[in-house]
Amino acid sequence: MSTEIIMLGMAVLVAVGILLHHPSRTFGIPSLLIFMGVGLALGNGEFNFVYDNLTKTAWVGGLALNIIVFVGGLNTCNDKIKAAFKEGGVLASFGVVFTTLFFALIIYQLLDFNFITCLLFAAVVSSTDAAAVFSILESKKLKLKEQTDSVLEFESATNDPVAMLLVIFLTEMALSSTQEVLAHDIALNLLTQIGVAVVVGLMVGKITVRLLNKIQLAEYGLIPVFILACFIISTYGAEMLGGNILLASYISGVVIGNGIKRGQQVNKHFFNSLSWLAQALMFIVLGLQIFPQSLITIFWASVLPALLLIFAARPLAVQICYLPFIKSSWRKRLFISLIGLKGATPIVFALIPAAAGVPGAVDILHMVFFIVLFSVVLQGGAIAPLANRLRLNND
């Protein structure tokens, strides 16, 4: 298939998804489902077009997630981080580990997978999704008491390094005949990824801010272009040095967003638009990668695990994480327990073992699709009513 046809097809898919965005909000349907539905409807056999490339899908999904997380960082003020980093940090680290363990124990009793594969499955869906959290909180215009929204945003933006590391290590274990991995290797790798990402993200972010504030660019339109170039340097530079690319994206975004003094409005509009484009492309490509005929057989097997993740594994992990924070109200704890939004991130993570050829990984990918679907519909739709019910809404 020629490059022209591919570009034309992607442009048409994005345009259709955007045109459907307004009616989707009218009927309360999350926009990500619209874009993914466009991919499901038009790919995989329709119009003599079949798309099936796990490696390319994982690359597109990873790139889009980097952009979305970076834009989320740009829109996050320092005051929110100062108020939420303790609780959000515990949820982003120990919360991911506890959720993985609890959910793996649950699905080991339900599914015909060995325990390593169950751990891998659980790690894939253990983190909350930054794109889903940022977009739904923004679309609902929610401002919650006790900095609850800030905690959710901080958790979702920073919990991917731990989840990604678990997925990578468990994928290697699932492919290994010995199925052994040393604990200190995991700890060293995690510290390296976080440390390098923090250093590179901070350094590039501060240099970017210093240059933009010192050099008064006459053309405001060049400011977001320069920031985009620095974003690429920060994220992929961190990855080359062994850091976590998503964490570097978020940190550089926060530093730049809170530091620049000129062109904030044009910068905001440019990157919000870029984030929407990234979401559209990611969800459409993910929709193209999923074969609808394969989903039908896996639907019922996904219902119970999805419900147990939402109502058992995630709440139990959150309640344990909140034991040190005795001043947090039970309303806040309950809300955060029940709102662990999943989005495209688990699907992108599920592509890692699928592309590596882990036995059963394709079935896991399809089950993750439904878990994300249930999460977006149940948890995404419950945010505003639950906040009002628990009297956490500031409005």
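The values are calculated or read from the model by the stated rules, or taken from the named source; none is laboratory data. Predicted model only: the values in this text are computed from it and were never measured. Please note: Cβ atoms are built from the backbone with ideal geometry, for glycine as well, and neighbour counts cover all protein chains shown. Heads up: the accessible areas ignore ligands, DNA and RNA and are worked out on the full protein's heavy atoms, side chains in. Shrake-Rupley method; radii C 1.70, N 1.55, O 1.52, S 1.80 Å.
In this simple spin-label approximation, Leu378 and Asn114 carry label points 7 Å from Cα along the Cα→Cβ vector, and these lie 3.0 nm apart. The length gained on full extension between Leu277 and Ser176, counted as 0.36 nm times the residue separation minus their Cα-Cα distance, comes to 32.5 nm.
A 1.4 Å probe run over the chain, with the rest of the protein chains in place, finds 45 Å² accessible per residue.
Percent of alpha carbon pairs in the chain separated by more than 30 Å? Before the final figure, lay out each step's value.
Values: 29983 of 77815 pairs.
The share of Cα pairs beyond 30 Å in the chain comes to 39 percent.
Relative contact order, percent, of the chain when contacts are C-alpha pairs under 8 Å separated by at least 6 residues? Computed value for the chain: 29 percent relative contact order. Within the full protein context, the accessible area of Glu4 is estimated at about 130 Å² for a probe radius of 1.4 Å. With the helix formula -39500 (n - 2.57) applied to DSSP H stretches of n ≥ 4, the chain reaches a computed 222 nm mean residue ellipticity of -23500 deg cm²/dmol. Residues Met7, Met173 ordered from highest to lowest accessible area at a 1.4 Å probe: Met7, Met173.
The alpha-carbon of Lys145 sits under 17 angstrom from the alpha-carbons of these aspartates and glutamates, leaving out residues fewer than 8 places away in its chain: Asp79, Glu87, Glu153, Glu155, Asp395. Would you work out if segment 158-310 is rounded, prolate or oblate? Take a ≥ b ≥ c from the square roots of the eigenvalues of the alpha-carbon gyration tensor; rounded if a/c is under 1.5, else prolate when a/b is larger than b/c, oblate otherwise. Judged from the Cα gyration tensor, segment 158-310 comes out oblate (a/c at least 1.5, b/c at or above a/b).
Using a 1.4 Å probe and counting only protein heavy atoms, arrange Val198, Val348 so the residue with the most accessible area comes first. Don't jump to the answer; show the numbers that get you there.
Numbers: Val198 50, Val348 10 Å².
These residues rank, largest area first, as Val198, Val348.
Shown are Lys214, Lys143, whose ranking by accessible area with a 1.4 Å probe and every protein chain present, most to least, is Lys214, Lys143.
Based on the Cβ-Cβ distance of Lys82 and Ile215, what FRET efficiency does E = 1/(1 + (r/R0)^6) give at R0 = 22 Å, to the nearest 0.05? Don't jump to the answer; show the numbers that get you there.
Numbers: r = 29 Å, r/R0 = 1.34.
Between Lys82 and Ile215 the formula returns 0.15.
Set the Förster radius R0 to 25 Å, insert the Cβ-Cβ distance between Met10 and Lys268 as r into 1/(1 + (r/R0)^6), and round the FRET efficiency to 0.05. Result of the calculation: an efficiency of 0.45. Taking the protein heavy atoms of the chain in the context of the full set of protein chains, the accessible area attributed to carbon and sulfur is 68 percent at 1.4 Å.
With Rg and the Kirkwood Rh both taken from Cα atoms, where does Rg over Rh land for segment 262-327?
Working: Rg = 19.9 Å, Rh = 16.3 Å.
Taking Rg over the Kirkwood Rh, I get 1.22.
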